[in-house]
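Each reported figure results from applying straightforward, stated rules to the coordinates on display, with no laboratory input. Remember, it's a predicted structure, so these values are computed and weren't measured experimentally. FYI the Cβ positions are ideal-geometry reconstructions off the backbone, even for glycines, and counts take in every protein chain you see.
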Amino acid sequence: MRKQTAITLAITGASGAPYALRLIQQLASHYEHCYLMVSSAARVVLATECDIQVNKSPSVLKKALTESLQLPEGFVQAFSNDNWMSPVASGSSAPKQMIICPCSTGTLSAIACGASDNLIERAADVILKERGQLILVPRETPYNTIHLQNMTRLSEVGATILPASPGFYNQPDSIDDLIDFVVARILDHLGLEHTLGHRWGYSGN
């Protein structure tokens, strides 16, 4: 299977870092590169939820994820959140697909308003203006009216709002099964084949 060139992934400060790590592993089977950005709050979440310690250095982040997730060398291309010269900052070079997983409600708000105060927000803005595919994976509960209005606004301009809400019809046996359920839905929307559990109405046999 020929791999696609690149996809953009941002990890922000909502709970749910294990979703992002599992997603990166899956993306490595389909893309040559993953352009990765991690917010300062997300670094705290990665340390808390996954025991992955990374500082602001993109090279440290790249090394930590490549080793801990056993990714192909060179797959992760990490950028600091103020690197305005990165490929994702311009519509002339950015990939046509971007995922923010998990997506904090603060990031959601900034994108909905077109703030673009950092590289994650700018990259999402580029995807929207270039009519690409933007998938946002919020993990918050409950949602207040402002959150819901921001989601509606982004949905109206073409973004996909895919909350981290795992299903239980596949009778999960572990936390990994719950993680895979959400990651599978992301892969479905990217049009990528996977074997992360069976679908509704199918036994999986």
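Residue-level check: of (1) farther than 20 Å from Ala6 by Cβ; (2) touching a helix residue (DSSP H, G or I) at 6+ places or on another chain (Cβ under 7 Å), Asp51 misses just (2). Does Ala10 count as part of a strand (DSSP E or B), aliphatic (A, V, I, L, M) and crowded, with 18+ Cβ neighbours inside 10 Å? When the stated conditions are applied, Ala10 passes them. Do we have any residue at all in region 107-124 that's of a type in the set (Ser, Thr, Tyr), under 26 Å from Ile52 (Cβ atoms), crowded, with 17+ Cβ neighbours inside 10 Å and under 14 Å from the mean Cα position of the chain (by Cα)? Among the residues of region 107-124, at least one is of a type in the set (Ser, Thr, Tyr), under 26 Å from Ile52 (Cβ atoms), crowded, with 17+ Cβ neighbours inside 10 Å and under 14 Å from the mean Cα position of the chain (by Cα), which makes the answer yes. Spot the failing condition for Leu148; the list is (1) more than 16 Å from Ile186 (Cα to Cα); (2) in contact with a helix residue (DSSP H, G or I) (Cβ under 8 Å, 6 or more places away or on another chain); (3) surrounded by fewer than 22 Cβ atoms within 10 Å (Cβ to Cβ), and only one is missed. (2) is the only condition that Leu148 fails.
Taking the criterion of being outside any loop (DSSP other than H, G, I, E, B), closer than 30 Å to Arg131 by Cβ and touching a Phe, Trp or Tyr at 6+ places or on another chain (Cβ under 9 Å), the residues of region 166-205 that qualify are Phe181, Val182, Val183, Ile186. For the residues Leu148, Leu108, Leu162, the requirement of being closer than 23 Å to Trp84 by Cβ and not basic (Lys, Arg) singles out Leu108. In this structure, does Thr12 turn out to be touching an Asp or Glu at 6+ places or on another chain (Cβ under 6 Å) and touching a residue at least 60 places away in the same chain (Cβ under 8 Å)? No: the conditions fail for Thr12. Answer yes if at least one residue in region 167-175 is closer than 17 Å to Ile100 by Cα and in contact (Cβ under 8 Å) with a residue 60 or more places away in the chain, and no otherwise. No: region 167-175 contains no residue that is closer than 17 Å to Ile100 by Cα and in contact (Cβ under 8 Å) with a residue 60 or more places away in the chain.
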